[in-house]
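The values are calculated or read from the model by the stated rules, or taken from the named source; none is laboratory data. Here the structure is a predicted model, which is why all the values come from computation and not from measurement. Cβ placement follows ideal geometry from the backbone for every residue including glycine, while neighbour counts extend to all protein chains displayed.
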Amino acid sequence: MFQSTLSGRRVVFGKIDPGDDPFAGLVDQPTFSAVASHDKNIGSWAVQIYVYEENDFRLVELHAVYHSGFNRAMSGTKNTYSKTASVKNARAVFDALQSSDPSVVLV
């Protein structure tokens, strides 16, 4: 669902390498993790997904990846991720998950 919701021109999907995973040092490791990104001059975005399988339920974390307004002002929009675009795409994934399973809750 992650890939089908975010697929489009120039969207790159990949796994999150242990060295890049902020949760790598935690006891409970995700069962699945991935990142989707779209790099362009203005409006670049990235979304990370972490899925944890529990005994009787599944926990899904979505992370909208973005740079602060200050960072974007100092570095320019080329090599930075937009908060608006990243949140919009993370929300699209959440909406798709919720439409397939109405018990999904945003926390």
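Looking at this structure, is VAL47 of a type in the set (Val, Ile, Thr) and over 20 Å from PHE13 (Cβ atoms)? Even if it seems obvious, please write down each step before you answer.
Numbers: of a type in the set (Val, Ile, Thr): yes; over 20 Å from PHE13 (Cβ atoms): no.
Spelling it out, it is not the case that VAL47 is of a type in the set (Val, Ile, Thr) and over 20 Å from PHE13 (Cβ atoms).
Filter region 10-26 down to residues that are within 16 Å of LEU62 (Cβ to Cβ) and modelled with pLDDT under 75 and give me whichever is surrounded by the fewest Cβ atoms within 10 Å (Cβ to Cβ).
My answer is PRO22.
Does VAL65 count as at pLDDT 85 or above and either buried (at least 19 other Cβ atoms within 10 Å of the Cβ) or within 18 Å of ASP20 (Cβ to Cβ) (or both)?
On the way: at pLDDT 85 or above: yes; either buried (at least 19 other Cβ atoms within 10 Å of the Cβ) or within 18 Å of ASP20 (Cβ to Cβ) (or both): yes.
Taking the combined requirement at face value, the residue satisfies it.
For region 5-51, enumerate the residues that are small (Gly, Ala, Ser) and free of Cβ contacts under 8 Å to residues at least 40 places away in the same chain.
Of region 5-51, the ones small (Gly, Ala, Ser) are 7-8, 14, 19, 24-25, 33-34, 36-37, 43-44, 46.
SER7, GLY8, GLY14, GLY19, ALA24, GLY25, SER33, ALA34 - these are the residues of region 5-51 that are small (Gly, Ala, Ser) and free of Cβ contacts under 8 Å to residues at least 40 places away in the same chain.
Could you say whether any residue in region 85-95 is of a type in the set (S, T, N, Q) and without any contact (Cβ under 8 Å) to a residue 60 or more places away in the chain? Give the derivation first.
Step one: filter region 85-95 for residues of a type in the set (S, T, N, Q), giving 86, 89.
Checking the rest, the ones that are also without any contact (Cβ under 8 Å) to a residue 60 or more places away in the chain come to 86.
There is at least one residue in region 85-95 that is of a type in the set (S, T, N, Q) and without any contact (Cβ under 8 Å) to a residue 60 or more places away in the chain.
Tell me which of these PHE32 doesn't satisfy, since it passes every other one: (1) surrounded by fewer than 18 Cβ atoms within 10 Å (Cβ to Cβ); (2) on the phi < 0 side of the Ramachandran plot; (3) touching a helix residue (DSSP H, G or I) at 6+ places or on another chain (Cβ under 8 Å); (4) not basic (Lys, Arg).
Status for PHE32: all satisfied but (3).
Just the residues that are over 15 Å from the mean Cα position of the chain (by Cα) and either in a strand (DSSP E or B) or charged (D, E, K, R) (or both), please, taken from region 28-51.
If the condition is that a residue be over 15 Å from the mean Cα position of the chain (by Cα) and either in a strand (DSSP E or B) or charged (D, E, K, R) (or both), then ASP28, LYS40 are the ones that fit.
Determine, yes or no, whether THR80 is modelled with pLDDT of 75 or more, assigned to a helix (DSSP H, G or I) and either of a type outside the set (Lys, Arg) or farther than 25 Å from ASP101 by Cα (or both). It would help to see each step written out before you state the result.
Numbers: modelled with pLDDT of 75 or more: yes; assigned to a helix (DSSP H, G or I): no; either of a type outside the set (Lys, Arg) or farther than 25 Å from ASP101 by Cα (or both): yes.
Answer is no for this residue.
Quick one: count up the residues across region 38-61 that are crowded, with 19+ Cβ neighbours inside 10 Å, under 19 Å from PRO22 (Cβ atoms) and of a type outside the set (Phe, Trp, Tyr).
Of all residues in region 38-61, those crowded, with 19+ Cβ neighbours inside 10 Å come to 38, 44-50.
From what's left, under 19 Å from PRO22 (Cβ atoms): 45-50.
If we keep only those that are of a type outside the set (Phe, Trp, Tyr) too, we end up with 46-49.
Here the count works out to 4.
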